[in-house]
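Chemist: Structure in structure tokens, see below.
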Amino acid sequence: MRPLRLHPRLAKRSRRGFRGFPAATVAYYGPDDARASKVVVTIVPARQAEPTDQTSFTSDASDVREDPFVGEKVMAFVERHEALSVVVAEEILGCPHEEGTDYPAGGTCPACPFWAERDRWAATKDRLDAARGELLSRAVAEVTAEAEAVEGEKVEKREKGEKE
């Protein structure tokens, strides 16, 4: 299986990591876990705020993750809302059809039997747990480095005070 090629500017913005709000989230949906036929882009204006704007783009012919035209539309939406951060889901999150709109609420999508018995959040949960561990490790390392720097400054001040 060949690696996916996201739109270059979208891939670059997502690799930068969190840079503040407003933030854009990009989520992919498809009939199975191999092809994304829908992308949903949501703007979150501030921490703990409800999303303010959302749009979606679909394609029956191609994988929207690799479609340059769809990528340009996604980037135009992100830039129009001046998003500082862009978070892109690494995997397809589920069926592109909407429960209660495209099929009855509480049921399974008849067009996407692949998702009927799957926990579509399992991979995301595993990745989030790994990310939490990594973030905790980074935070501990930063606090340790900051404490060592402060201690080093104190030592330097004491040494200068003794020499003067």
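Chemist: Since residue 83 meets every condition but one in (1) at pLDDT 85 or above; (2) more than 30 Å from residue 17 (Cβ to Cβ), which condition does it not meet?
Modeler: Here residue 83 meets the rest and fails (2).
Chemist: Pick from segment 1-15 the residues that are surrounded by 11 or more Cβ atoms within 10 Å (Cβ to Cβ) and part of a loop (DSSP other than H, G, I, E, B): which of them is modelled with the lowest pLDDT?
Modeler: 4
Chemist: In the set 57, 21, 77, 69, which member is among the hydrophobic types (A, V, I, L, M, F, W, C) and part of a strand (DSSP E or B)?
Modeler: After ruling out the rest, the residue left standing is 57.
Chemist: Out of the residues in segment 39-67 that are touching a residue at least 24 places away in the same chain (Cβ under 8 Å) and more than 16 Å from residue 24 (Cβ to Cβ), state the one that is surrounded by the fewest Cβ atoms within 10 Å (Cβ to Cβ).
Modeler: Once the filter is applied, the top-ranked residue is 58.
Chemist: Count, please, the residues in segment 28-38 that happen to be surrounded by fewer than 19 Cβ atoms within 10 Å (Cβ to Cβ) and either of a type in the set (A, V, I, L, M, F, W, C) or touching a residue at least 60 places away in the same chain (Cβ under 8 Å) (or both).
Modeler: Residues flagged as surrounded by fewer than 19 Cβ atoms within 10 Å (Cβ to Cβ) and either of a type in the set (A, V, I, L, M, F, W, C) or touching a residue at least 60 places away in the same chain (Cβ under 8 Å) (or both) within segment 28-38 amount to 3.
The values are calculated or read from the model by the stated rules, or taken from the named source; none is laboratory data. Keep in mind that this is a model prediction, so the values were computed, not measured. With ideal geometry, Cβ positions are generated from the backbone for all residues, glycine too; neighbour counts draw on all protein chains shown.
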